[in-house]
Amino acid sequence: MARVKLLEIAHARSGDKGDVTNIGLIARKPELYDVLVREVTIERVKTHFAGICHGKVERFELPNLHALNFLLHESLDGGGTVSLRTDAQGKTYSTALLRMEIDLS
């Protein structure tokens with residue numbers, strides 16, 4: 001069993017809607033989608049963003065795109081129009097998720 005960072009097997013995009021960050025995680029190869037489904041759980045994403053995501057995490061499976069979509073509620077200190085955070089729109093959250101290590105088997 002090999003341990004890899006998500007960036008080795010997936011790419012991602014992120015953005016915002018108010019105080020919710022939206023992260024799309026897409027497998028680089030269709031056969032890696034099942035690994036993402038198994039390893040990148042709501043609980044692991046919530047732990048990975050501990051201290052940043054203060055609300056719930058939702059996950060949506062998009063098998064036809066070999067992708068997962070995550071919503072991180074209460075993660076932008078109110079959102080882009082009111083927050084003083086450096087990244088009030090969540091643009092760097094996809095890069096942060098790609099740093100997560102998973103088991104590749």
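The values are calculated or read from the model by the stated rules, or taken from the named source; none is laboratory data. What you are looking at is a predicted structure, and each value in this text was computed from that prediction instead of being measured. No Cβ is skipped: glycine too gets one built from the backbone with ideal geometry, and neighbour counts run over all protein chains shown. Keep in mind that these areas ignore ligands, DNA and RNA; they rest on the heavy atoms of the full protein, side chains included. Shrake-Rupley method; radii C 1.70, N 1.55, O 1.52, S 1.80 Å.
Divide by every residue of the chain the summed helix terms, -39500 (n - 2.57) for each DSSP H run of at least 4, and state the resulting mean residue ellipticity at 222 nm, rounded to the nearest 500 deg cm²/dmol. Don't jump to the answer; show the numbers that get you there.
On the way: 3 runs with 20 residues, N = 105.
Taken over the chain, the calculation gives -4500 deg cm²/dmol.
Taking all pairs of different Cα atoms in the chain, averaging 1/r and flipping that mean, what Kirkwood radius in angstroms comes out?
Details: mean 1/r = 0.0728 Å⁻¹.
It works out to 13.7 Å.
Can you find, among Leu71, Leu7, Ala50, the residue farthest towards the positive end of the dipole of the chain? Put +1 on the C-beta of Lys and Arg, -1 on that of Asp and Glu.
The residue sitting most towards the positive pole is Leu7.
Could you pull out every one of the lysines with an alpha carbon less than 24 Å from that of Lys17, ignoring same-chain neighbours closer than 8 positions?
Lys46, Lys56, Lys91
Using the Cα centre of region 36-81 as the reference point, and only Cβ charges (+1 on K/R, -1 on D/E), how large is the resulting charge dipole? Debye, rounded to the nearest 20. It would help to have the intermediate numbers written out before the result.
Working: 5 positive and 6 negative charges, 24 e Å.
Value, rounded to 20: 120 debye.
Length gain on complete extension for the stretch Lys17 to Lys91, per 0.36 nm per residue less the alpha carbon to alpha carbon distance? Provide the component values of the computation, followed by the final result.
Values: separation 74, 0.36 × 74 = 26.64 nm, distance 1.14 nm.
Additional length available on full extension: 25.5 nm.
Estimate the FRET efficiency between His54 and Lys5 by the formula 1/(1 + (r/R0)^6), using the beta-carbon distance for r and 22 Å for R0, to the nearest 0.05.
Values: r = 25 Å, r/R0 = 1.14.
Approximately 0.30, to the nearest 0.05.
With the other protein chains left in place, how much accessible area per residue, in square angstrom, belongs to the chain at a 1.4 angstrom probe?
Values: 5900 Å² over 105 residues.
About 56 Å² of surface per residue is accessible.
Once phi is turned into ³J(HN,Hα) by the Karplus curve 6.51 cos²θ - 1.76 cosθ + 1.60 with θ = phi - 60°, what whole-Hz value does each residue of region 48-54 show in order, with x for glycine and proline?
After applying 6.51 cos²θ - 1.76 cosθ + 1.60, I find 4, 9, 4, x, 10, 9, 9 Hz.
Report in % the part of the accessible area of the chain that belongs to carbon and sulfur, leaving out ligands and nucleic acids; probe 1.4 Å. Please report the intermediate quantities before stating the final value.
On the way: 3150 of 5900 Å².
Here carbon and sulfur together make up 53 percent of the probe-accessible area.
Expected output is a single nm value to one decimal: the length gained when fully extending between Glu101 and Glu43, i.e. 0.36 nm times separation in residues minus the C-alpha distance. What is it?
Values: separation 58, 0.36 × 58 = 20.88 nm, distance 1.39 nm.
Roughly 19.5 nm would be gained on extension.
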